[in-house]
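Have a look at the structure below, then the notes.
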Amino acid sequence: MIFSETKLKGAFIIEIDKKEDERGFFGRSWCRNEMEQHGIKGVIVQANTSFSYKKGTLRGIHYQVSPYEEAKIIRCVRGAVYDVIIDLRTGSSTFKKWIGTELTSNNYKMLYVPEGFAHGFLTLTDNVEVYYNVTSFYSPGAERGIRWNDPYFNIKWPFEPVVISVKDRGHPDFTQNMLK
């Protein structure tokens, strides 16, 4: 596995170190030892799949508050997404900063999202499937959200979403009180 830390401390783009031959390739997408060598700890307790029919579908931007924060490893297994994470860790040097990266079924990249981050994505193609592992069980009472176009973060999406759930459209403007 090839780890590249992003500009957000503790968040990584992870690429499969492919061993190729005439059949195709083989590579690891999870190795606890390699993860721990990069300071990534935690036990995966859930695996989730998200499927979106239409290009321009926005999902997120979601997070869970303490003590239910979750780390995630995200991979697009069909189609392509523009994946966005925001550092919401109040003590972090990258607090309130965001990054976006393209994950596709062809580039085999994964995004490691540490605990205390918000996460969302915009589909870049029709029929997109995203698979992610998480380190905390879903806790509806601890779930929070940030609106995709919140002026506080000024996220630069590739284009404006065309499909957004009522819930995701209705998130209020960000305030630090939302972290409780």
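The values are calculated or read from the model by the stated rules, or taken from the named source; none is laboratory data. Just so you know, these numbers come straight off a predicted model, no measurement behind them. Cβ sites come from the backbone with ideal geometry, for glycine too, and all protein chains shown count toward neighbours.
Name the residues in the range 129-178 that are in a helix (DSSP H, G or I) and either surrounded by 10 or more Cβ atoms within 10 Å (Cβ to Cβ) or under 17 Å from the mean Cα position of the chain (by Cα) (or both), would you?
As a first pass, look at the range 129-178 and keep what is in a helix (DSSP H, G or I): 140-142, 166-169, 176-178.
Selection gives 142, 167, 168, 169, 176, 178.
Going by what's in this entry, would residue 117 be described as crowded, with 16+ Cβ neighbours inside 10 Å and within 28 Å of residue 26 (Cβ to Cβ)?
Numbers: crowded, with 16+ Cβ neighbours inside 10 Å: yes; within 28 Å of residue 26 (Cβ to Cβ): no.
In short, no.
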If we scan the range 89-105, do we find a residue that is closer than 16 Å to residue 144 by Cα, touching a Phe, Trp or Tyr at 6+ places or on another chain (Cβ under 7 Å), surrounded by 22 or more Cβ atoms within 10 Å (Cβ to Cβ) and not hydroxyl-bearing (Ser, Thr, Tyr)?
no
Taking the range 19-30 and keeping only residues that are loosely packed, with under 13 Cβ neighbours inside 10 Å, over 19 Å from the mean Cα position of the chain (by Cα) and either touching a residue at least 24 places away in the same chain (Cβ under 8 Å) or at negative phi (or both), one is left with 19, 20, 21, 22, 23, 25, 26, 28
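Being out of contact with any Leu (no Cβ under 9 Å at 6 or more places or on another chain), touching a residue at least 60 places away in the same chain (Cβ under 8 Å) and surrounded by fewer than 17 Cβ atoms within 10 Å (Cβ to Cβ), is that true of even one residue in the range 73-81?
Of all residues in the range 73-81, those out of contact with any Leu (no Cβ under 9 Å at 6 or more places or on another chain) come to 77-78.
If we keep only those that are touching a residue at least 60 places away in the same chain (Cβ under 8 Å) too, we end up with none.
Looking for residues that are out of contact with any Leu (no Cβ under 9 Å at 6 or more places or on another chain), touching a residue at least 60 places away in the same chain (Cβ under 8 Å) and surrounded by fewer than 17 Cβ atoms within 10 Å (Cβ to Cβ), one finds none in the range 73-81, hence no.
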Pairs please, first residue from the range 115-132 and in contact (Cβ under 8 Å) with a residue 24 or more places away in the chain, second anywhere and surrounded by fewer than 19 Cβ atoms within 10 Å (Cβ to Cβ) and of a type in the set (Val, Ile, Thr), Cβ atoms under 6 Å, 6+ apart in sequence or on different chains.
129/77; 131/49; 131/77
What is the number of the single condition among (1) touching a Pro at 6+ places or on another chain (Cβ under 7 Å); (2) modelled with pLDDT under 90 that residue 29 does not meet?
(1)
Selection within the range 39-54 - at negative phi, under 18 Å from the mean Cα position of the chain (by Cα) and not β-branched (Val, Ile, Thr)
41, 46, 47, 48, 50, 51, 52
